[in-house]
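The values are calculated or read from the model by the stated rules, or taken from the named source; none is laboratory data. Just so you know, these numbers come straight off a predicted model, no measurement behind them. A quick note on method: Cβ atoms are made from the backbone with ideal geometry, for glycine too, and the neighbour counts reach across all protein chains shown.
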Amino acid sequence: MYKSIEEITLNTWPAEQSVLLNGWVLRTAAGYTKRANSVNPLYGTESSHADLTDQIKLAEQYYKDAGLKPVFKMTPYIQPANLDEVLADRGYTIVEPSSVRILDLEGLAASELRFQVQIQENLTEEWLNAFTELAELSVANRSTLTRMLSASLLQQGYILLFNDGVPTACGLGIIQNGYIGLFDIITATDQRRHGMAKQLLLALLHWGKTQGATTAFLQVVQANAGASALYDKLGFKEIYQYWYRVVGN
């Protein structure tokens, strides 16, 4: 039912290169984030064990040639359906179990006005500098992120929240087909539990609504209890879970 969300997540969080392998989408972006550097087996047909093994080996070789370790994103929609079991037999382990959640923007709560918020519709050095500092990005990952976001043709909203003139939280909303995806939501470690993330999210969601979005979605690692609790409070509902399969752990 929600397979279209998986397609939209591929578009809203772009990779630098995508290659098709018998229906699988192999994505790379210089190793920055598993989302953009993993096999997404959304399509294809049921295969014999031998054929599936050969296809996995081809995917593994692709990532080896790219200088990356192979990563497979597992969802309820994987093709073939036994892929998760086959990967486990090959020594792949589960990492970062995550939740995909959506929110109908029709009854969105009112924005809060405690802190100053700024939204720009283009990537700026100011936003990049804030996110780089808050997320402790390396120079290489900052460069990759800049290339990824600059190449996207989808509508984007870059949000900064300021406390006494200093950017202490930031995030990104990307819109496609009436959905706004939320990414890179982060608050300074020493500024948390002051309502900043909630205000930032509400402001970003209201911006998305003014741009024609009717539904919001996000992906959160299940181990992030604080973020999950906030999303629950805002009314986000889980629609499915996913995880990654990696070699070793």
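Look at residue 101 and say whether it is among the basic types (Lys, Arg) and either surrounded by fewer than 20 Cβ atoms within 10 Å (Cβ to Cβ) or touching a Gly at 6+ places or on another chain (Cβ under 8 Å) (or both). Spelling it out, it is not the case that residue 101 is among the basic types (Lys, Arg) and either surrounded by fewer than 20 Cβ atoms within 10 Å (Cβ to Cβ) or touching a Gly at 6+ places or on another chain (Cβ under 8 Å) (or both). Beta carbons closer than 7 Å, at least 6 apart along the sequence or on distinct chains, never pair a first residue in the stretch 174-194 that is not assigned by TED's automatic domain parsing to the domain that holds residue 134 with a second that is in a helix (DSSP H, G or I) and at pLDDT 95 or above.
Yes or no, residue by residue, for (1) more than 17 Å from residue 248 (Cβ to Cβ); (2) touching a helix residue (DSSP H, G or I) at 6+ places or on another chain (Cβ under 9 Å); (3) of a type outside the set (A, V, I, L, M, F, W, C):
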position: 51; (1), (2), (3): yes, no, yes
position: 61; (1), (2), (3): yes, no, yes
position: 69; (1), (2), (3): no, yes, yes
position: 78; (1), (2), (3): yes, yes, no
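The one condition from (1) modelled with pLDDT under 95; (2) in a helix (DSSP H, G or I) that residue 141 does not meet is (1). Just a yes or no: is a residue in the stretch 118-141 in contact with a helix residue (DSSP H, G or I) (Cβ under 6 Å, 6 or more places away or on another chain), among the hydrophobic types (A, V, I, L, M, F, W, C) and within 17 Å of residue 187 (Cβ to Cβ)? Among the residues of the stretch 118-141, at least one is in contact with a helix residue (DSSP H, G or I) (Cβ under 6 Å, 6 or more places away or on another chain), among the hydrophobic types (A, V, I, L, M, F, W, C) and within 17 Å of residue 187 (Cβ to Cβ), which makes the answer yes. Could you go through the stretch 228-238 and let me know if any residue there is surrounded by 21 or more Cβ atoms within 10 Å (Cβ to Cβ), outside the structural domain of residue 78 (by TED's automatic domain parsing) and either farther than 21 Å from residue 119 by Cα or modelled with pLDDT under 95 (or both). Scanning the stretch 228-238 turns up at least one residue that is surrounded by 21 or more Cβ atoms within 10 Å (Cβ to Cβ), outside the structural domain of residue 78 (by TED's automatic domain parsing) and either farther than 21 Å from residue 119 by Cα or modelled with pLDDT under 95 (or both).
Hey, does the stretch 3-23 have a residue that's within 15 Å of residue 86 (Cα to Cα) and either modelled with pLDDT of 95 or more or surrounded by fewer than 18 Cβ atoms within 10 Å (Cβ to Cβ) (or both)? No, because not a single residue in the stretch 3-23 is within 15 Å of residue 86 (Cα to Cα) and either modelled with pLDDT of 95 or more or surrounded by fewer than 18 Cβ atoms within 10 Å (Cβ to Cβ) (or both).
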